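Trainee: My questions will all concern the structure given below.
The values are calculated or read from the model by the stated rules, or taken from the named source; none is laboratory data. Everything numeric in this text was worked out from a predicted model, so none of it was measured. Glycine gets a Cβ as well: all are built from the backbone with ideal geometry, and neighbour counts include every protein chain shown.
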Amino acid sequence: MQTSKGRGVHPLWYARGQLGRSTGQLKYSVTSAPLGARGSLPPRIERVNDLPPDLPRLRTLETWLILTLDRVRRQIADAERREEEFQRGIAARPPEPDWLIERGLSGRDAVYVHVGGCWNAGKRSKGVLQEQALRALAEGVKPCPQCEPDNALGFLD
């Protein structure tokens, strides 16, 4: 659709512009109780035809619905692609280490030994082998009081 200046017109605006014309068709009729009646019911709509009666406006509405449906389908495809990428990322995630050593603020000193997956392991934790976890406990690194890796490793003081 083009306006007189050659600019494109949005289909919805075109449809709205055409709605003001009289079509000669009865769209609805309203019935109500006599005026002045106390406690009367609000007006009741008998019949509603929310679609325009003429072909140009119906075609405009059809075009707008097709464009909207295309947008919805693109959004659905994008959401499905994001979900697929998320699931692929979960599947490609490396396995959780069996043992963790948590470092102090300096990054050099070991503070705690944790069982892999311990909820109390901090951000400065690094996955290690079982031998390294046993060695750290033997060197005096404290075991986590929540996950108790010393019991899981069979380490006795």
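Trainee: Tell me yes or no: at least one residue of the stretch 111-125 is at pLDDT below 95 and of a type in the set (S, T, Y).
Mentor: yes
Trainee: Using the structure shown, decide if T68 is of a type in the set (S, T, N, Q) and either part of a loop (DSSP other than H, G, I, E, B) or surrounded by fewer than 13 Cβ atoms within 10 Å (Cβ to Cβ) (or both).
Mentor: yes
Trainee: Would you check which residues across the stretch 99-119 are buried (at least 16 other Cβ atoms within 10 Å of the Cβ) and in a loop (DSSP other than H, G, I, E, B) and list them?
Mentor: Once the filter is applied, which keeps residues that are buried (at least 16 other Cβ atoms within 10 Å of the Cβ) and in a loop (DSSP other than H, G, I, E, B), the stretch 99-119 yields G116, C118.
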